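The values are calculated or read from the model by the stated rules, or taken from the named source; none is laboratory data. Since this is a predicted model, take the numbers as computed values, not measurements. Every residue, glycine as well, gets a Cβ built from its backbone with ideal geometry; the counts of neighbours run over all protein chains shown. Quick note on the areas: whole protein, heavy atoms, side chains included, nothing else; ligands and nucleic acids left out. Shrake-Rupley method; radii C 1.70, N 1.55, O 1.52, S 1.80 Å.
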Amino acid sequence: MQFLARASVRAFFYLIVRDLTVFKPRIFTTVINCFIWTLLTSLTGQYVLVRNGMPHNCGVFIMCANIMTWGLFDVKGQTGMLVRDIHTSRSIDYYLTLPIPQWMVFCRVAISAALQSIIVVGLVLPLIKIIFWNQLELGAINWFKFASVFIMVHLMYGFFTIWVASLIDGMHQLVNAWSRFINPMWRVGGYSFKWSMLYAISPWLGYISLINPTVHAYEAMRGAVLGQSGYLPFWYCMGAFVLFCSGFGYFGTTRLMLS
């Protein structure tokens, strides 16, 4: 049993290394895509909206959401690759014959997807400082909270990928991933507003919105960068990330193993 466990962990590790090796040639172009989107949205917030009455830190406020959004957008691409493999090339059949439990094969997809988004956004972070310069005070950031949220949110998106893939029957339904999941989560998840603002409009609406994972992602990151006051508690958000990861992972892998 001990030998099997070591063999499983070793195979799991090399599968992730294989995924990152395949991703390596695409890193540069993906970073450029991420930077362009972050640049345009952040500059709009800092140099257009601020001059039209928005708070002075509006650009940083949007930037915090951008850091947490690219991984969500990447769910569509990661889901497409997994669905395409399941329904066409079936290379996953080979991975399922390896000396590891089947659930680990699908968890490897989630972790690989998370690591790819972490790499891309991580490489964009230094450029964000250049964009904002004096508007972004690095010394004011709680780096423990920042790193914890950064890692946990991307892991959550990784497991969200396999859950979404388990609900799609073929590439013709890939548009459903964007229309039914990713876009609604982004639009009403607090990208351009605080959760407290939604709660002030309607407490019930505020509580219902907490089932949206991006609410916790945006609130936690803004709390780490801008200060905790006015945002959902850090440890509450971290607990939510664990629950979302567990739920997406369990139901996603279960459905995929039965398919």
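Could you work out how much longer the chain between Asp169 and Ile16 gets when fully extended? Use 0.36 nm per residue separation minus the Cα distance between them, nm to one decimal.
Details: separation 153, 0.36 × 153 = 55.08 nm, distance 2.51 nm.
Extending this stretch completely gives an extra 52.6 nm.
For Asp74, the accessible area of its heavy atoms, probed at 1.4 Å with every protein chain present, is near 40 square angstrom.
Summarise the accessible area of the chain (1.4 Å probe, protein heavy atoms) by the percent that is carbon and sulfur. Of the solvent-accessible surface of the chain, carbon and sulfur hold 69 percent. In this rough spin-label picture, where each label sits 7 Å from Cα along the Cβ direction, the Lys129-Gln228 distance is 2.5 nm. In plain terms, the bigger the Kirkwood radius, the slower the diffusion; for the stretch 27-132, with that radius from Cα pairs, at 4 °C and 1.567 mPa s, Stokes-Einstein puts D at 82 µm²/s.
Here each label is just a point 7 Å from Cα along the line to Cβ, and for Thr97 and Val242 those points are 4.0 nm apart. Rounded to the nearest 10 square angstrom, Thr88 shows an accessible area of 90 square angstrom against a 1.4 Å probe.
Shown in residue order for the stretch 113-125 are the 3J(HN,Hα) couplings computed by the Karplus curve 6.51 cos²θ - 1.76 cosθ + 1.60 at θ = phi - 60°: 4, 5, 5, 5, 5, 4, 4, 5, 5, x, 6, 7, 3 Hz (x for Gly and Pro).
Stokes-Einstein at 10 °C, 1.306 mPa s, Kirkwood radius from Cα pairs: D for the stretch 193-257 in µm² s⁻¹?
Rounded, D is 125 µm²/s.
By how many degrees, 0 to 90 and rounded to 10, does the Cα axis of helix 27-44 deviate from the longest principal axis of the chain? Between the helix axis and the principal axis of the chain, the angle is about 20 degrees. The packing ranking, built from the mean of other Cβ atoms within 10 Å per residue, places the peptides 236-246, 63-73 in the order 63-73, 236-246, highest first.
Taking the average, over residues, of other Cβ atoms within 10 Å as the packing measure, peptides 144-154, 123-133 rank 144-154, 123-133 from highest down. Its Cα centre serving as origin, the chain has a Cβ charge dipole (Lys and Arg +1, Asp and Glu -1) of approximately 200 debye.
Using a cutoff of 8 angstrom between alpha carbon atoms and counting only pairs six or more residues apart, the relative contact order for the chain works out to 25 percent. Can you tell me how the stretch 42-195 classifies by the Cα gyration tensor, rounded, prolate or oblate, using a/c under 1.5 as the rounded cut? Note, shape of the stretch 42-195 comes out prolate. Checking (i) 20.7, 64; (ii) 18.2, 58; (iii) 19.1, 65 against the coordinates, the calculated Rg and Dmax of the Cα atoms in Å falls under label (iii). Look at the Cα gyration tensor of the stretch 58-113: its axes a ≥ b ≥ c give a/c of at least 1.5 with a/b at or below b/c, and that counts as oblate.
Compute the Cα gyration tensor for the stretch 156-224, then decide on rounded, prolate or oblate, letting a ≥ b ≥ c be the square roots of its eigenvalues: rounded whenever a/c is under 1.5, prolate when a/b is larger than b/c in the other cases, and oblate in all that remain. Don't jump to the answer; show the numbers that get you there.
Details: a/c = 2.77, a/b = 2.02, b/c = 1.37.
Prolate, because a/c is 1.5 or more and a/b exceeds b/c.
Residue by residue, the stretch 221-230 carries 3J(HN,Hα) couplings of 5, 5, x, 6, 8, 9, x, 6, 4, x Hz when phi is fed to the Karplus relation 6.51 cos²θ - 1.76 cosθ + 1.60 (θ = phi - 60°); x denotes Gly or Pro. Using a simple spin-label model with pseudo-atoms 7 Å out from Cα toward Cβ, Ile208 and Asn176 lie 2.3 nm apart.
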